[in-house]
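Structure record follows, encoded as structure tokens.
The values are calculated or read from the model by the stated rules, or taken from the named source; none is laboratory data. These numbers were taken from a predicted model, which means no experiment stands behind them. Backbone-built Cβ (ideal geometry, glycine too); neighbour counts: all protein chains shown.
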Amino acid sequence: MNTNNKEKVVVVGAGLMGTGIAHAFASSGFVTVVVDTNPASLTHARVSIEKILGDGVRLGKVSEEQAQQSLANLLTTSDLNEAASGANWLVETVSEQLAVKKAVISQAAPLLAADAIIATNTSALSVTEIAASVDNADRVIGMHFFNPVHKMKLVELVRGLATSDEVVVRTRALCEQIGKTSIIVNESPGLTTSRMSALLGNEAMWMLQEGTATAEDIDTALRLGFNHPMGPLELGDLTGWDTRLSVLRYLHQTLGEKFRPCPLIIKMVAAGRLGRKTGQGVYRYADGKQVPGSGLKASAL
């Protein structure tokens, strides 16, 4: 619901997560500026948000007027300095590389409003290390959204070593404003959800590699046996196996052997079978939809 909020939110990164996060803020009445150095990504982000809003109108979840107001709240630019100037919130959603995240935050921090809060959407990296790139590390917090953002209600709020109580309270209130439920996590590798999801997806890949069951049956087992909305292999295809591998390698390094990546994941990433975004992962995809019966077979590994 639009609240005509005059606060300015900057979302850095126009990928899948950045697009979803921008939609959440713009549709909640915030002036929302999406920043990306790639003009094509900015165009794609706007088109994707238009589609989400259009689907909402068609399904009767939002009015045409609300959809148009949400789009009016949405701005795009490739100029981080311009976007950050006087902004009240900054949410970075750039690639899971510590150096890249620190560079974005250190550039933007001096330009933000004096009491602005800086959030990182990292799913595995250290909020404390990211916060070390700014003078006031107490105003940096992890704000981990879930894909697809417009459907998923959860946000993990991650306290770094210096994150202040005030910042936690304000960010939790922000989550409520955009219709999300938040949980508080003290910084730990993989937080809660990434740690559990990585372990589950990795074990599913071991089972597939060993021929324990087909990809379809492994996913069916989790969907019907545990009421998961999506099987672990389907979820890996959605997330991207390159992202999953990056997280597993970090968790393996920090938490030990139980997170050692399955060789099949390494092989798939090397072959460019990253999931939905490349049209082929554990399953094949045509027009964005999974092709029935296309799951990897043990005999082909």
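In this structure, does Leu233 turn out to be buried (at least 19 other Cβ atoms within 10 Å of the Cβ), on the phi < 0 side of the Ramachandran plot, touching a helix residue (DSSP H, G or I) at 6+ places or on another chain (Cβ under 7 Å) and part of a helix (DSSP H, G or I)?
yes
If you scan region 244-272, which residues turn out to be within 12 Å of Ala198 (Cβ to Cβ) and of a type in the set (Lys, Arg)?
Hits for region 244-272 are Arg244, Arg249, Lys258, Arg260.
Could you say whether any residue in region 111-122 is within 25 Å of Ser246 (Cβ to Cβ), surrounded by fewer than 23 Cβ atoms within 10 Å (Cβ to Cβ) and touching a Ser or Thr at 6+ places or on another chain (Cβ under 7 Å)?
no
Just give me the residues in region 258-276 being touching a residue at least 40 places away in the same chain (Cβ under 8 Å), buried (at least 16 other Cβ atoms within 10 Å of the Cβ) and out of contact with any Lys or Arg (no Cβ under 9 Å at 6 or more places or on another chain), in sequence order.
Hits for region 258-276 are Cys262, Leu264.
Please go through region 236-257 and pick out each residue that is small (Gly, Ala, Ser), over 14 Å from Pro148 (Cα atoms) and surrounded by 24 or more Cβ atoms within 10 Å (Cβ to Cβ). Walk me through it before giving the result.
The initial filter retains those residues of region 236-257 that are small (Gly, Ala, Ser), namely 236, 240, 246, 256.
Remaining after also requiring over 14 Å from Pro148 (Cα atoms): 246, 256.
None - no residue of region 236-257 is small (Gly, Ala, Ser), over 14 Å from Pro148 (Cα atoms) and surrounded by 24 or more Cβ atoms within 10 Å (Cβ to Cβ), so the list stays empty.
Where residues in region 21-40 are crowded, with 18+ Cβ neighbours inside 10 Å and hydroxyl-bearing (Ser, Thr, Tyr), which of them is nearest to Ile105 (Cα to Cα)? First the steps, then the outcome.
Residues of region 21-40 crowded, with 18+ Cβ neighbours inside 10 Å: 21-36.
If we keep only those that are hydroxyl-bearing (Ser, Thr, Tyr) as well, we get 27-28, 32.
On the way: Ser27: 25, Ser28: 24, Thr32: 17 Å.
Filtering region 21-40 for residues that are crowded, with 18+ Cβ neighbours inside 10 Å and hydroxyl-bearing (Ser, Thr, Tyr), the one nearest to Ile105 (Cα to Cα) comes out as Thr32.
Kindly provide the set of residues from region 224-254 that are hydroxyl-bearing (Ser, Thr, Tyr) and out of contact with any Asp or Glu (no Cβ under 6 Å at 6 or more places or on another chain), ordered by number. Please lay out each step first, then the result.
At the first step, the residues of region 224-254 found to be hydroxyl-bearing (Ser, Thr, Tyr) are 239, 243, 246, 250, 254.
Matches in region 224-254: Thr239, Thr243, Tyr250, Thr254.
Is it the case that Val127 is closer than 22 Å to Thr254 by Cα, assigned by TED's automatic domain parsing to the domain that holds Ile178 and crowded, with 23+ Cβ neighbours inside 10 Å? Talk me through it step by step, then tell me what you get.
On the way: closer than 22 Å to Thr254 by Cα: yes; assigned by TED's automatic domain parsing to the domain that holds Ile178: yes; crowded, with 23+ Cβ neighbours inside 10 Å: yes.
It is true that Val127 is closer than 22 Å to Thr254 by Cα, assigned by TED's automatic domain parsing to the domain that holds Ile178 and crowded, with 23+ Cβ neighbours inside 10 Å.
Those residues that are buried (at least 17 other Cβ atoms within 10 Å of the Cβ) and modelled with pLDDT of 95 or more, I need them from region 150-161; list them, please.
Answer for region 150-161, where residues must be buried (at least 17 other Cβ atoms within 10 Å of the Cβ) and modelled with pLDDT of 95 or more: Val155, Glu156, Leu157, Val158, Arg159, Gly160.
Give Leu53, Leu74, Leu90 a once-over and let me know the one that is among the hydrophobic types (A, V, I, L, M, F, W, C), surrounded by 20 or more Cβ atoms within 10 Å (Cβ to Cβ), touching a residue at least 60 places away in the same chain (Cβ under 8 Å) and assigned by TED's automatic domain parsing to the domain that holds Ala116.
The conditions single out Leu90.
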